[in-house]
Amino acid sequence: MKNNPLLNCDSEKGVCEILEAPSNESSAAQFEAIKTDKIRIIYFTDPICSSCWGIEAQLRKFKLEYGNSVDIEYRMGGLLPSWDIYNSGGISKPSDVAGHWEEVSPHYKMPIDGGVWIEDPLNSSYPPSIAFKAAQMQDEKKAVVFLRIIREMVFLDKLNITKTEHLEKAAAKAKLDVAQWKEDYESKAQIEFKKDLDLGRQLGVRGFPTLIFVKDDEMLDILYGFKPYEEFERRIKKIDPKTDKKEYSAEWQNLFAVYPTLTTQEFAVLSNISFEKSQEFLLNLSSENKLKRKQVKNGDLWILNSNAN
């Protein structure tokens with residue numbers, strides 16, 4: 001499988017592309033508002049981007065090793081505005097995404113169940129994107145937790161995350177002020193989302209994941225699409241060879257203390273052991289009631305058992 005015309009997702013390139021032509025409003029973006037002594041990474045993503053789900057392992061390790069030296073700023077890219085736009089070009093129906101997701105799942109070694117596109121298909125990725133911006137307006141860290149929760153909802157639980165009931169539940173689970181989140185979701189967050197779309201057009205962002213490396217108001221490098229962890233590290237070292245790399249404990253208790261849910265692939269990347277050995281190790285922890293195993297169609301999600309000693 002090379003290409004699925006629906007969202008123009010290419011597993012070999014590891015990217016989900018926008019089919020709209022980029023705007024020529026501006027040839028250069030202004031970075032003054034995000035000036036920092038650290039290396040800043042502007043991460044354009046989308047809640048339903050399978051390639052973005054694919055790089056979760058690399059991104060999580062990157063945060064553990066370089067989180068003190070790098071700031072990651074999440075921006076929403078607007079992968080699926082509406083089916084009207086795609087259908088107007090004779091593009092395939094939503095159910096075609098189900099097959100696409102089933103095919104990319106083993107490619108990224110990340111569990112994905114495409115059933116939502118058959119059982120309760122999303123009509124747009126804009127509502128969950130706006131919901132993320134509402135979360136981000138409250139708290140950057142909780143917003144990232146919120147994004148992870150809604151991704152697990154759509155990729156693993158087959159839930160239509162355009163529905164307010166699911167988004168509200170995710171906001172509560174992320175420990176956001178739900179009343180404030182809802183107010184922002186219905187008003188100010190829509191403006192913030194539009195700002196993300198405008199910035200993406202200015203920067204010529206055509207697909208996801210796109211990570212733009214910025215230092216001293218200058219765009220220095222771009223990581224486009226699914227890439228192995230070494231590519232994340234190489235770009236940081238190229239920009240600043242002296243960037244501090246933090247050592248972290250790869251003990252399972254430490255990893256689950258930082259990330260309460262991990263896929264087998266994420267655990268493998270964070271632990272620097274093979275996928276097969278990770279699966280065996282996690283199964284043992286599950287049998288000892290230290291982890292809960294959530295079996296999904298194409299893999300597992302492992303959840304820290306809060307009742308375990």
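The values are calculated or read from the model by the stated rules, or taken from the named source; none is laboratory data. On a predicted model such as this, the values are computed, not experimentally measured, just so you know. Please note: Cβ atoms are built from the backbone with ideal geometry, for glycine as well, and neighbour counts cover all protein chains shown. For accessibility, only protein heavy atoms count, side chains too; no ligands or nucleic acids. Shrake-Rupley method; radii C 1.70, N 1.55, O 1.52, S 1.80 Å.
For this structure, a couple of remarks:
- The lone criterion from (1) assigned to a helix (DSSP H, G or I); (2) open to solvent by less than 50 Å² (accessible area, probe 1.4 Å); (3) not hydroxyl-bearing (Ser, Thr, Tyr) left unmet by residue 213 is number (1).
- One residue alone among 207, 200 is modelled with pLDDT under 95 and open to solvent by less than 10 Å² (accessible area, probe 1.4 Å), and that residue is 207.
- Any hit, segment 262-279, residues being assigned to a strand (DSSP E or B) and under 23 Å from the mean Cα position of the chain (by Cα): yes
- Leading residue by the ranking (surrounded by the fewest Cβ atoms within 10 Å (Cβ to Cβ)) among those in segment 77-95 that are over 25 Å from residue 228 (Cβ atoms) and modelled with pLDDT of 80 or more: 82
- Residue check, residue 177 at pLDDT below 95, more than 21 Å from residue 123 (Cβ to Cβ) and either within 16 Å of the chain's Cα centre (by Cα) or open to solvent by 20 Å² or more (accessible area, probe 1.4 Å) (or both): no
- Answer residue from segment 234-278, given it is in contact with a Gly (Cβ under 9 Å, 6 or more places away or on another chain) and open to solvent by less than 80 Å² (accessible area, probe 1.4 Å) and is nearest to residue 224 (Cα to Cα) among those: 265
- Test: residue in segment 181-201 that is on the phi < 0 side of the Ramachandran plot, over 20 Å from the mean Cα position of the chain (by Cα) and β-branched (Val, Ile, Thr): yes
- Any pair with Cβ under 8 angstrom, 6 or more apart, that starts in segment 178-191 at a residue that is farther than 15 Å from residue 129 by Cα and ends at one that is assigned to a helix (DSSP H, G or I): 178/168; 178/171; 178/172; 180/138
- Segment 112-126: number of residues that are over 14 Å from the mean Cα position of the chain (by Cα) and crowded, with 22+ Cβ neighbours inside 10 Å: 4
- When 71, 120 are checked against the criterion of being modelled with pLDDT of 95 or more, under 30 Å from residue 242 (Cβ atoms) and not hydrophobic (A, V, I, L, M, F, W, C), a single residue qualifies: 71.
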